[in-house]
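Enquirer: This structure is in structure tokens; I'll ask about it shortly.
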Amino acid sequence: MSEKLSFEAPRGMRDFYPEDMVWREKVFGAMRESAKAWGFEPYDSCVVESYELLSRKAGEEVGEQIYHFFDKSERHIALRAEMTPTLARMVAQRQKELAFPLKWTTIAQCFRYERMTKGRKREHYQWNCDIIGEDSILAEVEVLGCAVDALKRMGLTTDDFKVHVSSRKFLGELLKNSGIAEDRHAQVFLALDKRGKMPDESIAEMLKDGGLAENEVAATFRIMDTKDFSGSPELTELFRKAEIAGFADALQFDIGVIRGLSYYTGVVFECFDTKGEFRAIFGGGRYDNLLTTIGGEPTSAVGLGFGDVVVTELLKSRLGESAVREMQGTAVGFMTDAEADAAVKLAYALRSRGEKVDLSLKAQKPKKFFSHAEKSGAAKAVFLGPDDVGAGKARLKDLATRQETEISL
Ligand code: HAM
């Protein structure tokens, strides 16, 4: 007896059925429109990279989550977990020719072998907007303004989300003032990034392992209560500019934002839903040293990564299905084969006028045709019977109002 095979997508990988694509298109559409409106240029690359470029020495979580393998020529290959190393590679490769500052955008499929939780899959699409070669805080403002705009285009308001903003430079100065030397900050950042994800006692242990004395650990926890950022000129200027741009209500200072990636050097940010139900909607910051670590010239950079998973779940929960159910186009059907030619003619005439038409592929009973037309989301429907074709006229039905108008064939 032969066993029946049954396949599912590998754990954590996603299939997009047409009803899922509607959401994906909504999300991608908003991302692309905002990037365009903010003057970012699209770029792309392959999902496969050399493992060496993506591997991490700094003990970051992503380093352990990389999918990697050897190809038939024993090249060590990896699926990208994020776009930033690839972007750095592409920029470094043409650093002499490119006209800085660059403003580049992409929607990149990324893979991470993650423990799956709400909003975290093993594969996701990540919208990236990066500005390379600019020190001005206006670069941060532009990247943040663009991401906030995309969330608004998707239908969310600043009651639904807030971008938590901090600065590693500022936190570094506070640590330094408490006597914690700079060469230990990387370890401290890595430990502090785990706050909220593990108990404070474990974080204290991590800090001690990183070489901090008992009193320095206590000082570090005290610093994490900081509410006032007036000691940071860059954060002060960022919030002031955001006020002028009109999106300061989307931002809040949060010293607890550290980020799990070690390449950040200045402003860091992470966006969360206000009810605190989901993981981060997007995250990013300034990373001024990444290019030099892969052999490029020193270049300042700031950017963000904005995944499709959390935001889609948030949109579904806050806006519901109505957010994507948009009736559009015309369904054209016919009762018997004798009306098929007239239906084809009508459908192609409507399409040549720019209308979206779903033409039935075979003769149908009217009840079946109209029920399918409604389910498929058509706004209007025309059904041709023998009498219609004989008279050279037909009725165009508005499926929402049920009103009919006569059209000539
Ligand atoms: P990240 O915080 O690791 O940053 O990821 C950015 C965003 O990607 C997250 O906020 C989330 O929306 C999404 N994301 C990440 N991992 C997953 C996952 N397993 N499942 C679903 N969504 C996920 C970076 O990757 C930086 N490279 C961003 C950046 C660009 N910084 C500067 N430029």
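Enquirer: Show me the strands (runs of 3 or more DSSP E) entirely contained within the range 52-168 in which 3 or more residues are away from the ligand (no atom under 14 Å from the Cβ) and without any contact (Cβ under 8 Å) to a residue 60 or more places away in the chain.
Expert: Working: elements: 68-70, 76-79, 102-111, 123-132, 161-167.
Ranges flagged: 68-70, 76-79.
Enquirer: Hey, another quick one. Kindly list the number of the only condition in (1) crowded, with 17+ Cβ neighbours inside 10 Å; (2) within 25 Å of Arg112 (Cβ to Cβ); (3) not basic (Lys, Arg) that fails for Leu346.
Expert: With (1) crowded, with 17+ Cβ neighbours inside 10 Å; (2) within 25 Å of Arg112 (Cβ to Cβ); (3) not basic (Lys, Arg) applied to Leu346, the lone miss is (2).
Enquirer: Within the group Ile203, Ile244, which residue is in contact with a helix residue (DSSP H, G or I) (Cβ under 6 Å, 6 or more places away or on another chain), free of Cβ contacts under 8 Å to residues at least 60 places away in the same chain and either away from the ligand (no atom under 16 Å from the Cβ) or on the phi > 0 side of the Ramachandran plot (or both)?
Expert: Ile203
Enquirer: Here's another thing I want to ask about it. Just need a number here: residues in the range 271-294 that are more than 7 Å from the ligand (Cβ to nearest atom), crowded, with 21+ Cβ neighbours inside 10 Å and outside any helix (DSSP H, G or I).
Expert: 4
Enquirer: Looking for something at pLDDT below 95 and either on the phi > 0 side of the Ramachandran plot or within 13 Å of the ligand (Cβ to nearest atom) (or both) - is there at least one such residue anywhere in the range 310-318?
Expert: No, that holds for no residue.
Enquirer: Determine if the range 89-105 includes at least one residue that is modelled with pLDDT of 95 or more and within 14 Å of the chain's Cα centre (by Cα).
Expert: Taking every residue of the range 89-105 in turn, at least one turns out to be modelled with pLDDT of 95 or more and within 14 Å of the chain's Cα centre (by Cα).
Enquirer: Please tell me if Thr336 is more than 11 Å from the ligand (Cβ to nearest atom) and either under 21 Å from Thr84 (Cα atoms) or aromatic (Phe, Trp, Tyr) (or both).
Expert: Details: more than 11 Å from the ligand (Cβ to nearest atom): yes; either under 21 Å from Thr84 (Cα atoms) or aromatic (Phe, Trp, Tyr) (or both): no.
In short, no.
Enquirer: Next question, about the same structure. Please verify whether Asp225 is closer than 24 Å to Val165 by Cα and charged (D, E, K, R), treating the condition exactly as stated. Before the answer, list the steps.
Expert: Details: closer than 24 Å to Val165 by Cα: yes; charged (D, E, K, R): yes.
So Asp225 fits the description; yes.
Enquirer: Does Ala58 meet the test of being touching a His at 6+ places or on another chain (Cβ under 6 Å) and in the same structural domain as Gln126 (by TED's automatic domain parsing)? It would help to see each step written out before you state the result.
Expert: Numbers: touching a His at 6+ places or on another chain (Cβ under 6 Å): no; in the same structural domain as Gln126 (by TED's automatic domain parsing): yes.
In short, no.
Enquirer: Separate question: Check the range 298-320 and report whether any residue there is of a type in the set (Lys, Arg) and either more than 30 Å from Gln126 (Cβ to Cβ) or assigned to a helix (DSSP H, G or I) (or both). Break it down stepwise before answering.
Expert: Restricting attention to the range 298-320, the residues satisfying the condition of being of a type in the set (Lys, Arg) are 316, 318.
The next check asks that each one be either more than 30 Å from Gln126 (Cβ to Cβ) or assigned to a helix (DSSP H, G or I) (or both); those that pass are 316, 318.
Checked against the condition, which is being of a type in the set (Lys, Arg) and either more than 30 Å from Gln126 (Cβ to Cβ) or assigned to a helix (DSSP H, G or I) (or both), the range 298-320 yields at least one hit.
The values are calculated or read from the model by the stated rules, or taken from the named source; none is laboratory data. Remember, predicted model here, so these are calculated numbers, not experimental data. Cβ: placed from backbone, ideal geometry, glycine included. Neighbour counts: every protein chain shown.
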